[in-house]
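Colleague: Shown below is the structure under consideration.
The values are calculated or read from the model by the stated rules, or taken from the named source; none is laboratory data. Small disclaimer: the values here were computed from a predicted structure and weren't measured. Cβ placement follows ideal geometry from the backbone for every residue including glycine, while neighbour counts extend to all protein chains displayed.
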Amino acid sequence: MKEALAFLSGVQVLSGVSEAGLLKILGIAQEKRVSPGQTIIEEGEPGDSMFIIKEGEVEISMSITLPLSGGEKEKTLVRLGPGANFGEMAFIFGSEHRSATVSARNEVLLLEVKSRDFDRFVSENPKDGVAILRNIARVVSERLRKANQDIAKLTTVLSVVLSRVERAR
């Protein structure tokens, strides 16, 4: 129990949660073991849970349509390891469609928290619930900021390429 509490207290989305709150999170979280290569979440499917990685590493990817070739390609967005979370968007809004695919890179041990269980947790533990929601907002904001930086870089590269194409005409 001490080991589990120590792990949870180091998880970013659970920062600032009381020990009693962490114990309750342990009570509603389900452990899920995933084999290497196995898909945990499929882009586009409905979802209502968030996952915290206890052991192992996952890869988050999205399908990208390639207009010139007419095909689709999987683009790896990020790799996450122990202490990281994913699935928070569908988790917060309940039954939202997943925005990306998440696959196990190796043997992974996850803690899964269902939205309905978390809603009950927040009702019973509002202070800890607000802390978790703020932490989730912080994680989502950091990811959005990084995505914006990536878009700016891609836009710059595209502008350079297009200007060279124009000059070559």
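Colleague: Assess whether Val139 counts as being within 15 Å of Ile41 (Cβ to Cβ), in contact (Cβ under 8 Å) with a residue 24 or more places away in the chain and β-branched (Val, Ile, Thr).
Modeller: Spelling it out, it is not the case that Val139 is within 15 Å of Ile41 (Cβ to Cβ), in contact (Cβ under 8 Å) with a residue 24 or more places away in the chain and β-branched (Val, Ile, Thr).
Colleague: Could you pull out the residue among Asn106, Asn148, Asn125, Asn135 that is closer than 16 Å to Lys32 by Cβ and out of contact with any Phe, Trp or Tyr (no Cβ under 8 Å at 6 or more places or on another chain)?
Modeller: Details: Asn148 fails: closer than 16 Å to Lys32 by Cβ; Asn125 fails: closer than 16 Å to Lys32 by Cβ; Asn135 fails: closer than 16 Å to Lys32 by Cβ.
Answer to the check: Asn106.
Colleague: Restricted to the stretch 66-107, and to residues that are touching a Ser or Thr at 6+ places or on another chain (Cβ under 8 Å) and among the β-branched types (Val, Ile, Thr), which residue is modelled with the lowest pLDDT?
Modeller: Here the answer is Ile92.
Colleague: Another question about this same structure. Say whether the condition of being under 30 Å from Glu19 (Cα atoms), out of contact with any His (no Cβ under 8 Å at 6 or more places or on another chain) and of a type in the set (Lys, Arg) is met by at least one residue in the stretch 154-169.
Modeller: no
Colleague: Can you tell me which of Gly87, Gly83, Gly27, Gly56 is surrounded by fewer than 18 Cβ atoms within 10 Å (Cβ to Cβ) and within 15 Å of the chain's Cα centre (by Cα)?
Modeller: Result of the check over Gly87, Gly83, Gly27, Gly56: Gly83.
Colleague: Scan the strands (runs of 3 or more DSSP E) fully inside the stretch 3-66 and keep the ones with 2 or more residues being in contact (Cβ under 8 Å) with a residue 60 or more places away in the chain.
Modeller: 30-34, 39-41, 49-55
Colleague: Does Met62 satisfy the criteria of being modelled with pLDDT of 90 or more and either in contact with a Leu (Cβ under 6 Å, 6 or more places away or on another chain) or over 26 Å from Val17 (Cα atoms) (or both)?
Modeller: Yes: the conditions hold for Met62.
Colleague: Related question: If I go through the stretch 106-138 residue by residue, how many of them are in contact with a strand residue (DSSP E or B) (Cβ under 8 Å, 6 or more places away or on another chain) and surrounded by fewer than 16 Cβ atoms within 10 Å (Cβ to Cβ)?
Modeller: Total satisfying the criteria: 2.
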